[in-house]
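The values are calculated or read from the model by the stated rules, or taken from the named source; none is laboratory data. Note that the structure is predicted; figures quoted are calculated from it, not measured. Cβ atoms come from the backbone with ideal geometry, glycine included; neighbour counts cover every protein chain shown.
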Amino acid sequence: MNKTLLIKFSFFLLITVSCSKETIEKPNIVLIVADDLGWSDLSYMGSTYYETPNIDKLSKSGMTFYNGYASAANCAPSRATMFSGKYHTEHGIYTVKNSDRGKRKTRKIIPIVTKSNLDLDFFVIPEMLKDLGYVNGHFGKWHLGDIGFHPENSGFDVNIGGNKHGGPGGYFSPYKYTNMDDGPKGEYLTDRIGDEVVNFIENNTENNFFAYVPFFSVHTPIQSKPDYQKKYRNKNSNEYHNRADYAGMIQSLDENVGKIIDKIDELNLSENTLIIFTSDNGGIRAISNQYPLRAGKGSYYEGGIKVPLIFSWKGKIDAESKSYERVSNLDFYPTIKKLVGYNKQIDLDGEDISPILNGKKFSERELYFHFPVYLEAYNVHKDNGTDPLFRTRPGTVVIKDNWKLHHYYEDNKFELYNLEKDISESTNLADINVEKKDELLSKLNDWRKTRNAPIPSKLNAYYDQKYVDSLMFLINKNYISGKVNNNE
C-alpha cells in the first residue's frame, strides 16, 4: 500500500471509529410521565403519607428540579407541547374535547375553539430520535389525537396502550379504553405497563432506545390494589394527603418506576441511559391537596402547573444535585436534541437545559401559559381556582424570575404574585406593585403579538349575572356541596 493510500485508509478508519464511538455514546432515553401526579405527592417532596422509595432513589441519583412546570394545566395540551416543542399558540390544542366548558350562563365570553389532534406536520421527539437510529417504544397513555396521529405514525416502533382516550376506564383487566390485549383477570394496569417497558429494554440492549412511559396512573378512576388500600387506611394521614385508594395507586406507580430503574441497572445500562421523571400537570386538589401551592389540575395557579421533575444519568449528572431554575416540559425537546447530538435545524420554542444539568444557570427567561378557554370546577369548595365555578377562566400567565402575572380576559383582570415570598398566591400585588405588573405585561403583550396568540373577546349572549349571583350565594351558604354538574 503506498503512502497516499495508507493516509486515506487511516483517515477513513479514524472517521469510522469516531462515528461508532459517537453512536455508542448517544444515551438511551426513558421518559416517564405520570398522569395527574401532584407536586407534593412524593415522599422526597415531604409527604409523610404517600410512599415513593424508588422515585426518591431516582431523585438522589440525579438532579431534582424544585421549580419544574408542565406547559399546561391539563393533559392533552401539556403532552402536545412536550412532544412538539412548540407553544400552544402553534399547535392549537388548549384543552380536552370542547373549550366551552362549564354552564353556558356562567361564561362571559366565547372561548377560542380548541383542536383535538396534534397535526402530523409537527416533527416530534420520537421522529427525531428515529432519524438517529433509535428504536422507540410507547407504553401507556397517548391522548394526542385519533385521526391518523397515533404512536405508530409518530416515530414509534412499539405501541402498548396508546390511543385517543384520556383515561383507562379502569385499572384491572379486562381493560376498557387501552390499546392492548387483556391480561389475566385482575391484572393491574400499572404493573402491566411496567412489565412491558422492562421487556422492551431487555430486547433492545444492543440498540439505542427511547422508552416513552406515560403511565395512566394516577388518573381517575381512583382504583388501588385492595391490599394497598387497606394498608393506607391504617396509616396516619393529614388534612392534605389522606385518601387510601390514591396512596395505593402511588405505591404501584412507584414500584413500577423502580422495576424500570432496576432493569437498567441490572443490564449495566445506567451510564448510557438518561431517565426523566415528571407529571403531565398538577394533581386534582379535591383528591390530594398540593399545599402550600394553590389550586390543582386545570388551574394556572401553581398547583395546576408545578410538577415533580427529575433528570438522572449516571456519570453525567451529579447525584443529589438540585436546581431551583424555572423549567418546563417545553424544554425537553431541545435538551434531548442537544444530548443526542441531532444537528439538523428544528424550530423549537423551549430552552436547552443541559447547561443546568452541568451546574450552570440561565441568565434570563420567561415561561408563558396561554389558555383562552374555560375549565369548569371539579369541586366548588376545594378547587381554589379562579372562582368556585371554574378552575380557570380564559387568560394568559407569564412567569419571570420569582414574579408571576395572570391576565384574565373576561374583566381584563390582573393578578401579580411574588412566588418567592408567596408561593400560595394569596396576596395579589397588581395594584400595589404597578411597575412590576407593567413590566411583565409588556413582556406578555410582546409574546402574544409575536405568537399571534388568539384572544377571546366576543361576548356570550347567554351570560346571566343574576344566575351567577344566585349560584355563588348557594355555594357560600353551603347549600351546594362538592361537585357541580357544569358540563353543557
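Right, R79: modelled with pLDDT of 95 or more, more than 30 Å from D318 (Cα to Cα) and out of contact with any strand residue (DSSP E or B) (no Cβ under 7 Å at 6 or more places or on another chain) or not?
No: the conditions fail for R79.
Looking for something touching a Cys at 6+ places or on another chain (Cβ under 8 Å) and at pLDDT below 95 - is there at least one such residue anywhere in the stretch 163-175?
Initial filter on the stretch 163-175 (touching a Cys at 6+ places or on another chain (Cβ under 8 Å)): 166.
Narrowing further to those that are at pLDDT below 95: 166.
Yes, because at least one residue in the stretch 163-175 is touching a Cys at 6+ places or on another chain (Cβ under 8 Å) and at pLDDT below 95.
Do we have F362 as surrounded by fewer than 16 Cβ atoms within 10 Å (Cβ to Cβ) and hydrophobic (A, V, I, L, M, F, W, C) here? Lay out the reasoning, then the answer.
On the way: surrounded by fewer than 16 Cβ atoms within 10 Å (Cβ to Cβ): yes; hydrophobic (A, V, I, L, M, F, W, C): yes.
Spelling it out, F362 is indeed surrounded by fewer than 16 Cβ atoms within 10 Å (Cβ to Cβ) and hydrophobic (A, V, I, L, M, F, W, C).
Against the condition over 15 Å from the mean Cα position of the chain (by Cα), at pLDDT 95 or above and not in a helix (DSSP H, G or I), how does T89 come out, does it pass?
Taking the combined requirement at face value, the residue does not satisfy it.
To keep it simple, each residue is scored yes or no on (1) assigned by TED's automatic domain parsing to the domain that holds A377; (2) part of a loop (DSSP other than H, G, I, E, B); (3) surrounded by 23 or more Cβ atoms within 10 Å (Cβ to Cβ); (4) at pLDDT below 95.
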site	(1), (2), (3), (4)
G283	no, yes, yes, no
S288	no, yes, yes, no
P292	no, yes, no, no
G296	no, yes, yes, no
S299	no, yes, yes, no
F311	no, no, yes, no
K316	no, yes, no, no
A319	no, yes, no, no
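Would you kindly identify the strands (runs of 3 or more DSSP E) lying entirely within the stretch 321-416 that contain at least 2 residues that are of a type in the set (A, V, I, L, M)?
Working: elements: 321-323, 366-371, 390-392, 395-400, 403-408.
Qualifying strands (runs of 3 or more DSSP E): 395-400.
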